[in-house]
Amino acid sequence: GGQERFGKWVTGPGKEEAPMKGNTGVLSRLGFLVIVWMLVSACQHGPPDATGHAVDARSDRPGGRESWPEELRIGYQKSSLLLFVKAQGRLERQLEAHGVAVRWFEFPSGPALLEALNGGKIDFGYAGGAPAVLAQAAPGSQMVYVAYEPEVKRAIVVPRHSAIRDAGDLKGKRVAFVKGSSAHYTLLSALETVGLSLADIQPVYLQPSDARTAFERGDVDAWVIWDPYLAAAEEEAGARILVDANTLPRQYGFVLGRRDYVQRYPRIVDVLVQELNAVHRQVQSDPKRAAAQLSA
């Protein structure tokens, strides 16, 4: 159904239950790291403002709180609320009054987006929890936490008539996924529940479009993917859900910002998060329409 494909948008730590559930080995440790990361990030960048996200509270930074940049560059994936923000155009209209031009850059997966963000090619972006946490924690990272949401629907799929019936049957099989993505973490989680690891399968590292082709040709036995690619695979490519990520430890998606940009222009963060919240309310009120837009 459409409703479970979208989680509640949360604009800072402490607004909902802790990210991740479960208590198994590496999974619970990663969940703990997510919580610590968000709390530390909030402390480093000042107390949450009225909308709940962490903002640098100093008044002596260059430009002052009322300054606005010439442009805002946003990286998005088709699986995030930023897609709806882009489609509605309200963000552009709000920022136009302050002389800010909004530019959008689409990425096929989180790791590629995070690389661009850390390299200063974009100012904000959305990525799945595991790659976002690992990238932000890397030495020399220029990224800071802005907001989080439970991720959209993810799953491991197999061809409809495949003899693979559970995660244990993946042993020795060819499984396609984006390396370092939320799908990577989903696969590790599923394998761990049946006592397997990545060494027990044949990983095939592919971006979503290439993975879809390989899946349809029968070049891989399973595919780990997220919406809207998941919904399209079910409807168009004869995919059957083998493991629904809703049965695994929860993963959160994150909006991250470029550190110096966030500190210099906190009003941009205010506007962006407020727009994300507004779009979230619309998505929740009509999830079927939102699912159709994701799959378009």
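Go through LYS78/LYS173; LYS78/LYS153; LYS153/LYS179; LYS86/LYS121 and tell me which ones have a Cα-Cα distance over 22 Å in this structure. Can you show the working numbers first?
Working: LYS78/LYS173 28 Å; LYS78/LYS153 12 Å; LYS153/LYS179 18 Å; LYS86/LYS121 18 Å.
The answer is LYS78/LYS173.
Return the ratio Rg/(2.2 N^0.38 Å) for segment 154-247, where Rg is computed over Cα atoms only.
Dividing the Cα radius of gyration by 2.2 N^0.38 Å gives 0.93.
Could you please rank SER141, SER285, SER80, placing first whichever residue has the fewest other Cβ atoms within 10 Å of its Cβ? Show your work: numbers first, answer last.
Numbers: SER141 15, SER285 9, SER80 26.
Fewest to most other Cβ atoms nearby, the residues stand as SER285, SER141, SER80.
If each residue's Cβ is checked for other Cβ atoms within 10 Å, how do LYS153, LYS121, LYS86 rank with the fewest at the top?
On the way: LYS153 23, LYS121 14, LYS86 17.
Ordered from fewest to most neighbouring Cβ atoms within 10 Å, LYS153, LYS121, LYS86 come out as LYS121, LYS86, LYS153.
Can you put LEU196, LEU95 in order, fewest other beta carbons within 10 Å first? Walk me through the intermediate numbers first.
Details: LEU196 18, LEU95 21.
So the residues, fewest neighbours to most, are LEU196, LEU95.
Only the coordinates and a few stated rules stand behind these numbers; no lab work does. All values reported here derive from a predicted model rather than from experimental measurement. Backbone-built Cβ (ideal geometry, glycine too); neighbour counts: all protein chains shown.
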